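Visitor: Pasting a structure below so you can have a look.
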Amino acid sequence: MPQIDVLFGNIPPVTKCYILASTILMFLCSLDIISAFSLYLNWQLIIQEYQFWRLITCFLFFGTFGLAFFWNTYVLVFYCSTLEEVAFRGKTGDFLWMLICGAGMLLMLTFFLGQTYFISGAMVDLMTYLWGRRNSSARLQVFFFTVRAPYLPWVLAFISLMMGGNIQDHLIMFKFINY
């Protein structure tokens, strides 16, 4: 698979798989091969119809071909891969376990809140939150202003909302980090 390596460069393995799966879902939905309605988190369909794939696809779908998808992919490439390369250097399994535990906690929170939607934005917020906490003294240039790293998830959530993102994705994450 040398073509994929050229395309993805030096992106670590878990991040690479996450981006690849998200990109495949984006293309399949953009080409109307599958419907986005078959991917979102719906607890009733999971429990009654045994549609267990929704437990995973709700984290992978960032929308169809467009600015929102590319923005979330950019954030994933930078912050997710940086977390995997620096904070979890040589511990790919630990990084994957951290993502699984974070996803599990987000799923439990949505179950108890009765929410049904995509929570991929909440997963991106989780990774930027962790990156911001690990690099709390870092200052970042985001468009035309500078922001300290711990406030990065809030800034990225605002940018996502300005690009037409769903506010529920971000609110679920901010409820999660405040528990």
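The values are calculated or read from the model by the stated rules, or taken from the named source; none is laboratory data. Fair warning: this is a prediction, and the values are worked out from it, not measured in the lab. Every residue, glycine among them, receives a Cβ derived from its backbone with ideal geometry; neighbour counts consider all protein chains shown. Accessible surface is based on the protein model in full, side chains and every heavy atom, while ligands, DNA and RNA are left aside. Shrake-Rupley method; radii C 1.70, N 1.55, O 1.52, S 1.80 Å.
Visitor: Could you grab me the full set of residues in the stretch 103-122 that are out of contact with any Ser or Thr (no Cβ under 9 Å at 6 or more places or on another chain) and open to solvent by less than 10 Å² (accessible area, probe 1.4 Å)?
Guide: Just the residues of the stretch 103-122 that are out of contact with any Ser or Thr (no Cβ under 9 Å at 6 or more places or on another chain), to begin with: 103-109, 111-115.
Result: Leu106, single match.
Visitor: Taking Tyr117 and the conditions (1) within 19 Å of Ile19 (Cβ to Cβ); (2) within 14 Å of the chain's Cα centre (by Cα), which numbered condition does it fall short on, given that it satisfies the others?
Guide: (1)
Visitor: When the residues of the stretch 21-39 are filtered to those that are open to solvent by 90 Å² or more (accessible area, probe 1.4 Å) and not in a helix (DSSP H, G or I), which remaining residue is farthest from Gly63 (Cα to Cα)?
Guide: Among those residues, the one meeting the criterion is Ile33.
Visitor: From (1) open to solvent by 10 Å² or more (accessible area, probe 1.4 Å); (2) in contact (Cβ under 8 Å) with a residue 12 or more places away in the chain; (3) more than 15 Å from Trp71 (Cα to Cα), pick out the condition that doesn't hold for Ile100.
Guide: With (1) open to solvent by 10 Å² or more (accessible area, probe 1.4 Å); (2) in contact (Cβ under 8 Å) with a residue 12 or more places away in the chain; (3) more than 15 Å from Trp71 (Cα to Cα) applied to Ile100, the lone miss is (2).
Visitor: Could you please find all residues in the stretch 85-108 being over 16 Å from the mean Cα position of the chain (by Cα) and of a type outside the set (Phe, Trp, Tyr)? Outline the logic, then answer.
Guide: As a first pass, look at the stretch 85-108 and keep what is over 16 Å from the mean Cα position of the chain (by Cα): 85-94, 108.
The answer is Glu85, Val86, Ala87, Arg89, Gly90, Lys91, Thr92, Gly93, Asp94, Met108.
Visitor: Can you name the residue in the stretch 123-157 that is among the β-branched types (Val, Ile, Thr) and touching a residue at least 40 places away in the same chain (Cβ under 8 Å) and is also surrounded by the fewest Cβ atoms within 10 Å (Cβ to Cβ) among such residues? Break it down stepwise before answering.
Guide: Of the stretch 123-157, the ones among the β-branched types (Val, Ile, Thr) are 124, 128, 142, 146-147, 155.
Subsequent filtering for residues that are touching a residue at least 40 places away in the same chain (Cβ under 8 Å) retains 124, 128.
On the way: Val124: 27, Thr128: 24.
Filtering first and then ranking leaves Thr128.
Condition check ((1) open to solvent by less than 30 Å² (accessible area, probe 1.4 Å); (2) outside any helix (DSSP H, G or I)) across all residues:
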| residue | (1), (2) |
| --- | --- |
| Leu41 | yes, yes |
| Thr57 | yes, no |
| Phe62 | yes, yes |
| Phe69 | yes, no |
| Cys80 | yes, no |
| Val86 | no, no |
